[in-house]
Structure formats: structure tokens, C-alpha cells
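Below you'll find the structure, written out as C-alpha cells, and then a few comments.
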Amino acid sequence: MDENDKFLEIAIKEALKGGVFVRPNPMVGCVIVKNGKILASGYHKVFGGPHAEVNAIRKLDSKKLKNSSMYVTLEPCSTYGKTPPCTDLIIKSGIKKVVIGSIDPNPLHRGRGADILRKNKITVEFGSKEIEKKCEDINSYFFKNMKEKMPYVVLKLAGSLDGKIANGKYLSKWISSEKSRLYAHKLRAESDLIIVGSNTVLKDNPYLNVRDIKTRKQPSVCVIDLKLKTCQKSNIFSIKDRKVFVISDKTKDLGKNVEFIKPIFKNNELDLKKILKRFYDLGIRTVLVEGGGITVANFVKQNLFDKIYWFVSPIIIGADGISSIGLPLELKNGEIGMRLKIKKVSKLDCDILMELER
């Protein structure tokens, strides 16, 4: 590993400290180096707060900064937003080299920060393609938001060895282990919106809030309930200060924080892409689909997911159980199913967690 990649790896570890508190902004980490020694590090700590570069630069005086090198996971910003442009501060600091992990995907900013630094006689270099991929992966939601103007969609499934999410009587507590359930709350904390079908609300009566995990705010909730079976006593309406969306042609009084969205259909199916676009226009950047089997299946059928977190527990439920993917898929001739890529496999108590991508 060359020197650029070595220090960018350290900057990535800094970036990850920002966690959910920077969203919808990207996580960014930065280290300042001189003569092969790290003088300071910083990361973007909270949405609307100082950026990683600022937090690192503020730790050093002008003498130490002069002729130093900066390693930053994302191209420094070059425009005024909630904070001044980082490029201005870098130019004034005396830093002579900036090594960038990944270019800003925002079309309005892409490459602009690097160009400004070069024009001010600051050397600009980049890490390897491998490091670039790592820098993009930690902010995959942000890159999709910027490139496609659509939310990043995660499907979360917790099921048995034979692919069931409940038994024939809709009993599902608790298929997954305590550690798996805690991890599921982490996924909620990373989301702006949780989508479920009406059966999940009626059968499980979940709160769909974040518990036992620190978060900047509770995610909003969306219930796909075309026949409007959901009642005001459902637990999802008991969480204060969050929006609950209900997708239905019908309306009724479900509380002051409830907003109804008219369903859009395509080929007699709910057009989830247009609904996701509507949510993006409302400021939703990350979506977690928690179930049930039919709702998840519709997102899979319409190819509208970026990642699946599949918690598999060592339990067999049998043929009368409720399938985790509750609808047949539309496959091409010769295909036996939709094949996914395994991103990561980990063990949580007695469960196996698979992170899957298309």
C-alpha cells in the first residue's frame, strides 16, 4: 500500500465516526500529515456542523500547517451551504498537497473543488481505485442520491432457514436473536423512512421506531394500505413528532401527523418507483423496507432496492409459514431466480447476517 492509500485508510476510519448524525450529508474523514507523521485528524460530526477539513485544520497553528499534506475521503466543498467552502480555508492554511479519496458526485460540484485547489498552486492527487471504491461505499446512499435523484433503498428480512418470516398463525416473535434485533434498530437509525405493508401493522402492531441506539431523529413511517385497514390505535401513530404516510385512495382521521398519498399504478401494480420519487422530492434520502413478504416482494420484482440485510436464524418453520418473498418473480427464460452478490457475512449470536447487493 502506497502512502496516499495508507493515510486515506486512516481518514476512512475517521469518517465512520460521523455515523447517522451527519445524514443526509456524507460521512467524511480527514488527516493532516507532515514528514510522514499525522499532525491532526478530523471528521464531519453532525449535519450542519463544520466539515472534516475544518475540524482537522482548527487543531493546528499556521507553522505546523505550512507545507503539510491533507488526506480527505471526499473532494473538499467549494460552495457556500450551511458552512463556508472548505477550499477557501485549505488555500489560506498553507497546506501544499491534498489527496482525495473520491470526487464529489454532485453534478454542481463534481471536480470543482479539485480545480480550485490546483489553480491556487496546491498539488492535488488521488488514491487508488480500491480506495476510491471504499470511500464511495461508506456513502453509497449519498452517491445514489446525487447521481439518480432517488432514495437509497434497503430491504430488511429476518427469517428462518426455510425462508419464512412467520408461521401459519403469523407468529414471528422472536425468530431473530437479540443482537440481530439491535442491528435492525441501527438500520432504522440510518433511515429517513420505514416502509411496511398493512398486514405488518395489523398482525405485528410494531412501533417502527429506533430504540437502544443513538440517533439524530426518529425515521418517518409509510404504510402501504390500499384498503385502509389501519386504525388510529396502531402503535405506529403513538410516536410523537414524526410523520406517518399512508398510501391509499381512501382517507380517515388517523392523527395530525398523518399524510395520505394517492397510489399510482402501472400494469395493475403499485408503481413504487414513482412513489419513491415522490418521497425523494419530500426530502427522503434513505428508505428501509421492513415487510411483510408481499411488500418486500414488490420491491424485488420492480428491481427497486440497493441492498438487502437478511437475518437468517437456525429455525425451521415448515410449509405453512409465511414466505419472506411473498410473490412470484418475473424471470427470463432459463433463470431459476434472481442472483445477488454477497457483500458481507457476519454472525450475530446464533444468527447469520448476509449483506446482499444486486
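Distance between the 7 Å Cα→Cβ label points at Ala319 and Leu202: 2.6 nm.
Working from Cα pairs under 8 Å separated by at least six residues, relative contact order for the chain is 15 percent. Heavy-atom accessible surface of Arg285, to the nearest 10 Å², is about 50 Å², with a 1.4 Å probe and all protein chains retained.
If the cut-off is a Cα-Cα distance under 13 Å, which aspartates and glutamates reach Lys173, setting aside same-chain residues fewer than 8 apart in sequence? Once the sequence-local aspartates and glutamates are set aside, what remains near Lys173 is Asp204.
If you sort the three axes of the alpha carbon gyration tensor as a ≥ b ≥ c, you get a/c under 1.5 for segment 1-127, which makes it rounded. Overall, the anisotropy analysis places segment 159-270 in the oblate class: the square-rooted eigenvalues a ≥ b ≥ c of its C-alpha gyration tensor yield a/c not less than 1.5, with a/b not exceeding b/c. Computed over protein heavy atoms with a 1.4 angstrom probe, the accessible surface ordering of Thr251, Thr79, largest first, is Thr251, Thr79. Estimated at the nearest 10 Å², the accessible area of Lys332 is 150 Å² with a 1.4 Å probe.
Estimate the FRET efficiency between Lys301 and Asp281 by the formula 1/(1 + (r/R0)^6), using the beta-carbon distance for r and 30 Å for R0, to the nearest 0.05. E between Lys301 and Asp281, to the nearest 0.05, is 0.80. If you take the Cα centroid of segment 96-142 and the Cα centroid of segment 285-320, the two points sit 35 Å apart. With contacts taken as Cα pairs under 8 Å at a separation of at least 6 residues, segment 72-164 carries a relative contact order of 27 percent.
Note on Lys63: lysines with a C-alpha under 17 Å away, same-chain residues under 8 apart excluded, are Lys34, Lys37, Lys92, Lys96, Lys97. Site pair Lys227 and Lys45 shows an inter-label distance of 5.2 nm when each label is modelled 7 Å from Cα along Cα→Cβ.
Given a Förster distance of 22 angstrom, what is the FRET efficiency for Asn235 paired with Lys179, based on the Cβ-Cβ distance and rounded to 0.05?
Values: r = 23 Å, r/R0 = 1.05.
Approximately 0.40, to the nearest 0.05.
What is the list of residues in segment 313-333 whose amide nitrogen lies under 19 Å from a point 7 angstrom out from the Cα of Arg358, following Cα to Cβ? Counting only backbone N, you get 325-333. Ordered from largest to smallest accessible area (heavy atoms of protein chains, 1.4 Å probe), the residues Ile352, Ile57 come out as Ile352, Ile57. Once the Cα-Cα distance is subtracted from the 0.36 nm per residue extended length, the Glu335 to Phe260 segment shows a gain of 23.1 nm. Within the set (i) 42, 22, 19; (ii) 47, 25, 15; (iii) 34, 26, 19, the number that semi-axes √(5λ) of the Cα gyration tensor in Å takes when calculated for this structure is listed as (i). Separation of segment 326-358 and segment 1-60 by C-alpha centroid, Å? Between the Cα centre of segment 326-358 and that of segment 1-60, the gap is 34 Å.
Which of rounded, prolate, oblate describes segment 282-350, given a ≥ b ≥ c as roots of the alpha-carbon gyration tensor eigenvalues and a/c under 1.5 marking rounded, otherwise prolate only if a/b is larger than b/c? Mind dumping the intermediate values first?
Numbers: a/c = 1.40, a/b = 1.07, b/c = 1.31.
Rounded.
Filter Lys164/Lys332; Lys217/Lys240; Lys134/Lys341 down to the pairs with a C-alpha to C-alpha distance above 19 Å, please.
On the way: Lys164/Lys332 25 Å; Lys217/Lys240 11 Å; Lys134/Lys341 17 Å.
Beyond 19 Å: Lys164/Lys332.
The values are calculated or read from the model by the stated rules, or taken from the named source; none is laboratory data. This one's a predicted model, so the numbers in the text were calculated from it and none came from an experiment. Cβ sites come from the backbone with ideal geometry, for glycine too, and all protein chains shown count toward neighbours. Areas reflect the complete protein model, heavy atoms only, side chains present, ligands, DNA and RNA absent. Shrake-Rupley method; radii C 1.70, N 1.55, O 1.52, S 1.80 Å.
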